[in-house]
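The values are calculated or read from the model by the stated rules, or taken from the named source; none is laboratory data. Keep in mind it's a predicted model, so treat the numbers as computed, not measured. Note that we place each Cβ from the backbone using ideal geometry, even for glycine, and neighbour counts take in every protein chain shown. Surface accessibility is based on the protein's heavy atoms, side chains included, excluding ligands, DNA and RNA. Shrake-Rupley method; radii C 1.70, N 1.55, O 1.52, S 1.80 Å.
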Amino acid sequence: MVNDIDGVERIRFMTSHPKDISDKLIYTIRDCDKICKQLHLPLQSGSDKILKDMNRHYTKEQYLKIVDKLKKEIPQITLTTDIIVGFPTETTPDFKETLDVLKKVRYDNIFSFIYSRREGTPAAKLDFVLSDEEIHKNFEEMLEVQNRICLEKNLEYKDKIQTVLVEDVSDTEPTILTGRNDGGKLVTFAGDASLKGKYVKVKITKPKQWSLEGELQ
């Protein structure tokens with residue numbers, strides 16, 4: 001219904017718990033031209049044991065089936081996720097399962113955290129299997145893997161024309177504008193501040209790890 005409203009240019013459906021995502025949602029994102037082809041699909045862990053301990057109600061296999069369906073129906077979709085490293089019961093083999101998902105899905109970006117106790121939760125009573133040093137080592141390994149994937153994904157945008165909603169002007173350089181494309185990727189380019197709030201075409205000339213630089217067309 002929102003897709004049919006005149007004047008609405010973009011609709012960004014932000015996130016869904018994997019256990020709640022449906023074929024209807026996937027088809028709606030696919031078929032509605034104003035809905036951005038982007039989805040945040042929180043994983044938390046690639047280990048079935050840890051997912052069960054987290055009370056997540058899905059398995060690694062079920063999660064990957066959702067991703068396969070999304071990529072089949074919406075080939076251009078950009079995917080982001082949440083990852084927690086160092087849940088109390090997590091072992092290094094459990095962590096390797098998370099790395100396996102990162103390599104299979106190839107997320108455009110992740111939001112990653114080292115687990116910290118939250119009083120009052122069942123997990124707060126659990127003892128840690130791994131040492132703090134081992135947890136931080138795993139976290140750094142995960143970042144190394146994902147950073148490489150982020151850059152590889154962004155390099156695919158080289159020389160492509162993107163529709164960008166101009167969101168802001170640089171605090172330090174008033175001639176540099178920033179905005180986001182359909183997939184939620186940050187794009188920077190030279191332009192006039194009067195373009196803020198408008199949609200413009202930008203040719204990507206310099207893909208970077210965390211953003212895309214381009215030229216106004």
Query raised in the report: Considering only region 2-36, how many residues are β-branched (V, I, T), assigned to a loop (DSSP other than H, G, I, E, B) and either within 15 Å of K72 (Cβ to Cβ) or open to solvent by less than 40 Å² (accessible area, probe 1.4 Å) (or both)?
Result: 1
Query - Scan of region 136-150 for residues that are open to solvent by less than 60 Å² (accessible area, probe 1.4 Å) and more than 30 Å from K206 (Cβ to Cβ), ordered by number - result: N138
Query raised in the report: Does S116 satisfy being out of contact with any helix residue (DSSP H, G or I) (no Cβ under 8 Å at 6 or more places or on another chain), at pLDDT 95 or above, polar (S, T, N, Q) and surrounded by fewer than 14 Cβ atoms within 10 Å (Cβ to Cβ)?
Result: no
Report summary line: Of (1) aromatic (F, W, Y); (2) in a strand (DSSP E or B); (3) out of contact with any Gly (no Cβ under 8 Å at 6 or more places or on another chain), F189 fails just (3)
Query raised in the report: Restricting the first residue to region 187-199 and requiring it to be more than 19 Å from I161 (Cα to Cα), which pairs with a second residue that is assigned to a loop (DSSP other than H, G, I, E, B) meet a Cβ separation below 7 Å and a spacing of at least six or different chains?
Result: A193/P174
Report summary line: Filter region 171-208 for residues that are open to solvent by 60 Å² or more (accessible area, probe 1.4 Å) and in contact with a helix residue (DSSP H, G or I) (Cβ under 7 Å, 6 or more places away or on another chain); the one that is modelled with the highest pLDDT is K208
Query raised in the report: Right, R106: touching an Asp or Glu at 6+ places or on another chain (Cβ under 9 Å), open to solvent by 50 Å² or more (accessible area, probe 1.4 Å) and charged (D, E, K, R) or not?
Result: yes
Query - Of all residues making up region 5-64, the number that are in contact with a strand residue (DSSP E or B) (Cβ under 9 Å, 6 or more places away or on another chain), at pLDDT 95 or above, hydroxyl-bearing (S, T, Y) and more than 22 Å from G86 (Cα to Cα) - result: 1
**Report entry** Search result, residues across region 151-170 that are at pLDDT 95 or above, surrounded by fewer than 18 Cβ atoms within 10 Å (Cβ to Cβ) and not in a strand (DSSP E or B)
**Finding:** L151, E152, L155, E156, K158, D159, K160
Query raised in the report: Which numbered condition trips up F111, out of (1) modelled with pLDDT under 95; (2) in contact with a Pro (Cβ under 9 Å, 6 or more places away or on another chain)?
Result: (1)
Query raised in the report: Is region 123-135 home to any residue that is farther than 19 Å from K52 by Cβ, surrounded by 14 or more Cβ atoms within 10 Å (Cβ to Cβ) and modelled with pLDDT of 95 or more?
Result: yes
Requested in this report: Residue by residue through region 37-53, note down the ones that are open to solvent by less than 10 Å² (accessible area, probe 1.4 Å) and not small (G, A, S).
Outcome: L39, L41, L43, I50, L51
Report task. Please find, among K71, K60, K96, the residue that is in contact with a Ser or Thr (Cβ under 8 Å, 6 or more places away or on another chain) and of a type in the set (D, E, K, R). Result -> K60
